[in-house]
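To start, I am sharing the structure in question, which I have written as structure tokens.
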Amino acid sequence: MPSAQATIIRFALLFLLVILQSNLLSAQDEKSLDNSTIKQTQPPGSTSQVKVKNSDNFIYEKIDDVDFQYFSGNVKMFHDSIFMYADSAVIQGDQMMARGEVIIIQDDTINVFSDSLIYDADLKLAKLFKEVVVQTGDKQLFTERLDYDLKSKIGTFRDTAILRRADMTLSSLKGYYNLQDKKAHFYDQVVIKDVDFELTADSLDYDTDIDRAYFLGPTYILQNGKQVFCKAGYYDMISRQAFFSDQAVIVEGSKVAFADDILVSEQDSSVTLTGNAEVRDSVSTARGKSIFFDDVKGEVFIQGNGYYQREDQIIEAEVIEYNTVTEDFFSIGNSTISGEKGILAADSISYVKEEDLGVAKGNASYRDTVDGRTILSDYFIYRDSSSYVQANAVKVRPLFMQRVEDDTLYVAADTLISAEPSDSLKYLKAITDVMIYKKDLQAVCDSMYYGDLDSTFTLFRNPICWSDTTQFKGDTIDIILRNDEVREIVARKKAFIATRHLTGYFDQIKGRYLHSYLDSNELKKMLIKGNAEALYFLRDDDDAYVGANKTICSHMTFYFENEELDNIMFYTEPASTMTPMELAKGSLISLEGLQWEIQRRPRGLEGMRTMVISALPQDAEPVDDFEEEILKILEEESTTKGQ
């Protein structure tokens, strides 16, 4: 018997000859087939699994006990439920070769076209050559050679193949197409092109049922100006939704976004980053466990250790919502806003740019990083343009803190306001039931104003100051700082100073205007102007009280050394009266207006922040004339200093 190789060669040669013979057969009447013989194109007893339903011409030949069947012209064949068409075909047992406009139809849903075909009916394996097209639904696969397993419905290509749907093309050098599962695998120089979209990769899987590409290695995408890199994920060609994973990065102009996973939706222009997420551009940086942003709407949502920096402002919180168009934001969970001049912290913070109005709630604090000042409160209202911060009492009263000398100055009130309306002016207001505490100085009043311009605390409405055993009173009191030290204390209108002795006696000084000068927290000089009166107790060398001396004049000056009175100067007809101790009592040992209000003196931070609720009469309305009083006092101060 001839060798298998010789049989195959002969089979191939005969296949090529069938085309030439078909022309000859058509001229021979005795071998010509008309329509009446179409169903008898195979000899009786043929064992081939491939059945020929029709052909224009047919030759049967038996060589070395091997049957060969030659068909040409409108050849129609079938094998089980598979239909095949060709211009010509050669069948030898379960082997079939076809050429010219080859068509395979399977399950009425799969159409395969090619120039030529070698088919193994036993294996149901088709080898297709030249201009191969596989069509199913709206998809077409183009290649020059395809091995198609009709049992598994898997086509394998080892040369360039292109999958096309509408404007989309997917190509690679190698791969396979599972038409039953509607899955395809492409590898080696993979390229996808669509409208405004281009992808290159080493390999990917493609789901033809839902038109989704799955990335299996380093993948690069260019879409609408965006550049994407990842090593895993998918891209949905219909919905334009994409998922990028494993070193995922998106670059668009100056914007760079990267995370463990990135979900992109072209339909709503949103991007969601999850795991070590970060987005940065030329003006801002966002970081968190997850970030959602929409460039069209300008929305940015950060969750988990959130961080958002824009120009000179930094927002940190567990959750941050920011709009890059309006510059409004909301943050919750250990929220902080850091700027050039201070840091605002609270449980939650919100801000509306158009109104320049923000609110901070819960465990709130504001720290002036320039001057080292801090305000604590339950509730803040703030304005960014003027560094305006208003702290209001909710559960506890606001508390202001500032380092002064080697100590800390505390101010508590129902409302505290800090602002910087200009580069040259920064102020602090305290409104309603103000309490001031420093180790060597304490004070209370109804309202207070502090301005950086002159470093002066001005206390309004029934102010009282205490230092050691001395009490200062007046209609208003100024506490003047120099280099963060208390250097001057000024009391205006009904100024009254009382110093209490251990025995219960009081040295007293009063007048329209009182000005004390200090150095290193030690009293050095005291000036009293306008109806000045002084009453002080004299003692002998044994420190026993001798009597009470009362002096009245237009003004007087006291000089101190080592915290002791060193000299007194009286001006304009002073009148003095000495009362022996045995006669010193009643009005003889007290000036008019003496009130020792030690019960109001703050003893420490305890109690300074406690809310005190007082009821107003039903017909009374709260009046806030604080601003007018400040202007009035400053004007009076200017007039007094000019005298």
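So between Asp147 and Asp181, what do we pick up on full extension, going 0.36 nm a residue minus the alpha carbon distance?
Values: separation 34, 0.36 × 34 = 12.24 nm, distance 1.71 nm.
Using 0.36 nm per residue and subtracting the Cα-Cα distance, I get 10.5 nm.
Return the subset of Lys439/Lys524; Lys438/Lys550; Lys429/Lys525; Lys438/Lys473 for which the Cα-Cα distance in this structure is over 22 Å, preserving the input order. It would help to have the intermediate numbers written out before the result.
Numbers: Lys439/Lys524 19 Å; Lys438/Lys550 32 Å; Lys429/Lys525 29 Å; Lys438/Lys473 17 Å.
Table pairs above 22 Å Cα-Cα are Lys438/Lys550; Lys429/Lys525.
Roll a 1.4 Å probe over the protein chains and send me the accessible area per residue for segment 163-288 in Å². Each step should come with its number before you reach the end.
Working: 5530 Å² over 126 residues.
Normalised by residue count, the accessible surface of segment 163-288 is 44 Å².
In whole Å and largest first, what semi-axes does the C-alpha gyration tensor of segment 459-502 yield when each eigenvalue is scaled by 5 and square-rooted?
Details: eigenvalues 63, 47, 10 Å².
Three semi-axes, in Å: 18, 15, 7.
If I compute solvent accessible area with a 1.4 Å probe over the protein chains, what percent of it on segment 332-490 is carbon and sulfur?
Values: 2800 of 6160 Å².
About 45 percent, which is the carbon plus sulfur part of the accessible surface.
How high is the relative contact order of the chain? Use alpha-carbon pairs under 8 Å, at least six apart in sequence, and give a whole percent. If you can, show how the numbers build up before the last one.
Numbers: 1658 pairs, mean separation 22.7, N = 643.
The value is 4 percent.
Further question on the same structure: What ranking do 162-170, 390-398 get when scored by the average of other Cβ atoms within 10 Å per residue, highest first?
Working: 162-170: 16.8, 390-398: 19.9.
So the order, starting with the most tightly packed, is 390-398, 162-170.
May I ask you to compute the full-extension gain from Thr579 to Asp202, defined as 0.36 nm times their residue separation minus their alpha-carbon distance, rounded to one decimal in nm?
Details: separation 377, 0.36 × 377 = 135.72 nm, distance 10.94 nm.
Gain on stretching Thr579 to Asp202: 124.8 nm.
I need to check one value: relative contact order of segment 478-574, counting alpha carbon pairs closer than 8 Å and at least 6 residues apart, in percent.
On the way: 221 pairs, mean separation 18.7, N = 97.
Result for segment 478-574 is 19 percent.
How many percent of the accessible area of segment 138-216 is carbon or sulfur, using a 1.4 Å probe? List each step's numbers first, then the result.
Numbers: 1540 of 3590 Å².
Using a 1.4 Å probe with all protein chains present, segment 138-216 comes out at 43 percent carbon and sulfur.
Per residue, how many Å² of accessible area does segment 424-549 show with a 1.4 Å probe? Before the final figure, lay out the partial values.
Values: 5010 Å² over 126 residues.
So segment 424-549 comes to 40 Å² accessible per residue, rounded to a whole number.
Next up: By how many degrees, between 0 and 90 and to the nearest 10, does the Cα long axis of helix 4-26 differ from the longest principal axis of the chain?
Tilt of helix 4-26: around 70 degrees.
OK, next. Which order do Lys127, Lys510, Lys53 take when ranked by solvent-accessible area (1.4 Å probe, heavy atoms of all protein chains), largest first?
Largest to smallest exposure gives the sequence Lys53, Lys127, Lys510.
Sticking with this structure for a sec: Assuming a strict under-20 Å limit between Cα atoms, what lysine pair count do you get for segment 241-372 once near-sequence pairs (fewer than 8 apart, same chain) are dropped? Can you show the working numbers first?
Working: Lys255/Lys289; Lys255/Lys297; Lys297/Lys353; Lys341/Lys353; Lys353/Lys361.
Here the count comes out as 5.
Nearest 500 deg cm²/dmol is fine: what mean residue ellipticity at 222 nm does the chain get from its DSSP H runs of n ≥ 4 alone, each adding -39,500 (n - 2.57), divided by its residue count?
Details: 2 runs with 39 residues, N = 643.
Rounded to the nearest 500, it is -2000 deg cm²/dmol.
Another question about this same structure. What is the angle, in °, between the Cα long axis of helix 626-641 and the longest principal axis of the Cα atoms in the chain? Nearest 10 is fine, range 0 to 90.
The angle comes out near 50 degrees.
In sequence order, what are the phi-derived ³J(HN,Hα) couplings for segment 373-382 according to the Karplus relation 6.51 cos²θ - 1.76 cosθ + 1.60 with θ = phi - 60°, rounded to whole Hz, with x for glycine and proline?
Karplus-based 3J(HN,Hα) across segment 373-382 equals 9, 9, 10, 10, 6, 7, 8, 10, 10, 9 Hz.
Using the Cα atoms as the points, what is the convex hull volume per residue of segment 141-240 in Å³? Let's see the in-between values first.
Details: hull volume 8.5 nm³, N = 100.
That works out to 85 Å³ per residue.
How much length is gained on full extension from Leu425 to Asn531, taking 0.36 nm per residue of separation minus their Cα-Cα distance?
On the way: separation 106, 0.36 × 106 = 38.16 nm, distance 3.58 nm.
So the extension gain works out to 34.6 nm.
Now a separate question. Under 1.5 on a/c is rounded, so check that first for segment 528-598, then, if it is not, pick prolate when a/b is larger than b/c and oblate when it is not; a ≥ b ≥ c are the square roots of the alpha carbon gyration tensor eigenvalues.
Numbers: a/c = 1.43, a/b = 1.14, b/c = 1.26.
Note, shape of segment 528-598 comes out rounded.
Sticking with this structure for a sec: Lysines within cross-link reach of Lys153: Cα-Cα under 24 Å, excluding same-chain residues under 8 positions apart?
Excluding near neighbours in sequence, the set is Lys51, Lys53, Lys76, Lys124, Lys127, Lys130, Lys139, Lys174, Lys182, Lys183.
Using packing as a proxy for protection, rank 218-229, 536-547 so that the peptide with the highest average count of other Cβ atoms within 10 Å comes first.
Numbers: 218-229: 16.5, 536-547: 11.8.
Result, highest mean Cβ count within 10 Å first: 218-229, 536-547.
Sticking with this one: Could you tell me which label, among [x] 1.46; [y] 1.00; [z] 1.17, carries the value of Rg/Rh (Cα atoms, Kirkwood Rh) calculated for this structure?
Checking each listed value against the structure points to [x].
Let me ask another. Can you list residues whose amide H is under 5 Å from Val396's amide H, if they're 5+ apart or on another chain and H is modeled 1.01 Å from N?
When sequence neighbours closer than 5 places are left aside, the close amide H contacts are Asp378.
Suppose R0 equals 56 Å. What FRET efficiency, 1/(1 + (r/R0)^6) with r the Cβ-Cβ distance, do Lys353 and Asn562 give to the nearest 0.05?
Details: r = 59 Å, r/R0 = 1.05.
Using R0 = 56 Å, I get an efficiency of 0.45.
In nanometres, what is the gap between the two model label sites at Arg461 and Ile314, each 7 Å from Cα along Cα-to-Cβ?
4.1 nm
Let me ask something else about it. Ranked from highest to lowest mean number of other Cβ atoms within 10 Å per residue, what is the order of the peptides 452-460, 420-428? Write down the numbers at each step before the final one.
Numbers: 452-460: 18.4, 420-428: 13.7.
In descending order of packing, they fall as 452-460, 420-428.
Sticking with the crude label model, points 7 Å out along Cα→Cβ, report the distance from Lys53 to Ser587 in nm, one decimal please.
It works out to 13.6 nm between the two label points.
The values are calculated or read from the model by the stated rules, or taken from the named source; none is laboratory data. From a predicted model like this one, the values you see are computed outputs, not experimental measurements. We place every Cβ from the backbone using ideal geometry, glycine too, and count neighbours over all the protein chains shown. Calculation scope for accessible area: heavy atoms of the full protein, side chains included, ligands and nucleic acids excluded. Shrake-Rupley method; radii C 1.70, N 1.55, O 1.52, S 1.80 Å.
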